[in-house]
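A.B. asks: I am attaching a structure below and will ask some questions about it afterwards.
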Amino acid sequence: MKVERIVLGFAVVVVGVVWFLVNVGVMPAFKAQELWRYWPLLLVLWGVLLLFGKGSSASGCLVALLVIALFFGGFFAVFFPVFQGPSDAVSEIDFLLSEGIEEYRLDLTHHAGDFYLRGHEGTHLLQARLHAYPEPQFTEEVKGRVSEIKISDEPRSWKPGNRLSRWELSLAETVPGEIILRTGATRAELDLSALAVQALTIKAGAGDISIWLGRTDIDVAIESGAGSITVYVPAETGVRVQASGGLLSVKGEDARIISIGDRLYESRNLDAKTALANIHITAGAGSLTLKDAK
C-alpha cells in the first residue's frame, strides 16, 4: 500500500467526517475552521508511514493500518476540546464609569468560540461575563479622559481543559469609543444599534460575524480569512463600502446599497442620511451581506 494513497485517504476521511458533522448540526462551521491549523499533522503521519509502512506486504499494510488507528485515536483524544463548547469557568468583570472619563478604547483578543457585544444603561462603562479557561487577562489604564481596557484570552495550550470561550460584553450606551477585536474561528454578534462607537476594527480568522450599525458616524475596518459577514443598516444611516479580496462576494440590495465602481458600494440617497458608516473589508474568501435593520 503506497504511502501517498494512505495519507490522501486519511485526509479525505477526515474532511468527510468533519463535513458530515457540520451538515447534521453536531459541529458548527466556525468550530470546524479551527481544525485547519492542525493540517501539518498530515506531514507527521506521512513521515511515520515512510518509516514503518514500506512495501506492499501484508505486514507492511498491517503496520500502516495500525499507525492510522493510533493516529486517529490520538488526534481526537488530544484535540477533542476543539469540539467542546465554552468552558464552565466564568469570570465577571465590571468597570465603573469614573468621573472625567469621556471616551474608551476597548482592545480585545478572543481566540475562538462565541462573542456577543451590546449596550446598556447605567453607571458601568463595561460589564463582561467571560466563559473561558484559563481565565482571560484584563487591565484598565486611564489616560486623560480616555479609559483603555484590554481583555485577552490565554494562548491556546495542550491542556485538556482548554476549550472554546464565550464572551458576553455590555458597554455604556452614552460614551463614545473605539473597539478593536482580534479573533480566530468565531461566531460573533456585535449590536452597536444603541452605542456611540466611532471606530470598529475586526481581525478575524474565520467564522460568522453579524454587526448591527447604530445611528452615528462610524469607521469600520474588517480583515477576515474566510467566513460570512452580515451588516444590518438602519434607515437613517448611509453606508460606503470598499471591498477587496479574490473570493469575496458583496450583496446589498436588501439595504438599498448599489455599486458605484470597482468593488465600491454606497447607499442610495446617501446625502439624505443623518449618519455615515465607512466600511473597508478585506477577505480572502466569503461573503459580505448588507441588510435593512428592521
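The values are calculated or read from the model by the stated rules, or taken from the named source; none is laboratory data. Quick caveat, the model's predicted, so the values are computed rather than measured. Ideal geometry is used to build each Cβ from the backbone, glycine not excepted, and the neighbour counts take in all protein chains shown. With ligands, DNA and RNA removed, areas are computed over all heavy atoms of the protein, side chains included. Shrake-Rupley method; radii C 1.70, N 1.55, O 1.52, S 1.80 Å.
A.B. asks: Quick check on Thr216: is it of a type in the set (S, T, N, Q) and not in a strand (DSSP E or B)?
C.D. replies: On the way: of a type in the set (S, T, N, Q): yes; not in a strand (DSSP E or B): yes.
The answer is yes for Thr216.
A.B. asks: Here's a follow-up. Hey, could you check segment 94-141 for residues that are over 18 Å from Leu192 (Cβ atoms) and of a type in the set (Phe, Trp, Tyr) and say which is most open to solvent (accessible area, probe 1.4 Å)?
C.D. replies: Tyr133
A.B. asks: Just the residues that are of a type in the set (Asp, Glu) and not in a strand (DSSP E or B), please, taken from segment 133-147. Show your work before the answer.
C.D. replies: Of segment 133-147, the ones of a type in the set (Asp, Glu) are 135, 140-141.
If the condition is that a residue be of a type in the set (Asp, Glu) and not in a strand (DSSP E or B), then Glu135 is the only one that fits.
A.B. asks: Tell me which of these Thr201 doesn't satisfy, since it passes every other one: (1) free of Cβ contacts under 8 Å to residues at least 40 places away in the same chain; (2) surrounded by fewer than 16 Cβ atoms within 10 Å (Cβ to Cβ).
C.D. replies: (2)
A.B. asks: To continue, here is another question. I'd like the residue in segment 184-198 that is under 20 Å from Tyr104 (Cα atoms) and open to solvent by less than 30 Å² (accessible area, probe 1.4 Å) and, out of all such residues, is nearest to the chain's Cα centre (by Cα).
C.D. replies: Leu190
Conditions tested, residue by residue: (1) part of a strand (DSSP E or B); (2) within 13 Å of Phe115 (Cβ to Cβ); (3) in contact with a His (Cβ under 6 Å, 6 or more places away or on another chain); (4) at pLDDT below 90.
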{"position": "Lys159", "(1), (2), (3), (4)": "no, no, no, yes"}
{"position": "Glu168", "(1), (2), (3), (4)": "yes, yes, no, no"}
{"position": "Leu171", "(1), (2), (3), (4)": "yes, no, no, no"}
{"position": "Arg182", "(1), (2), (3), (4)": "yes, yes, no, no"}
{"position": "Glu189", "(1), (2), (3), (4)": "yes, yes, no, no"}
{"position": "Ser193", "(1), (2), (3), (4)": "no, no, no, no"}
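A.B. asks: Test each condition in (1) farther than 27 Å from Thr237 by Cα; (2) surrounded by fewer than 21 Cβ atoms within 10 Å (Cβ to Cβ); (3) not charged (D, E, K, R) for Val146 and report the one that comes out false.
C.D. replies: Going through (1) farther than 27 Å from Thr237 by Cα; (2) surrounded by fewer than 21 Cβ atoms within 10 Å (Cβ to Cβ); (3) not charged (D, E, K, R) one by one, Val146 breaks only (1).
A.B. asks: Out of everything in segment 244-275 that is farther than 11 Å from Leu290 by Cβ and open to solvent by less than 20 Å² (accessible area, probe 1.4 Å), what residue ends up being modelled with the highest pLDDT?
C.D. replies: Ranking the candidates gives Ala275 first.
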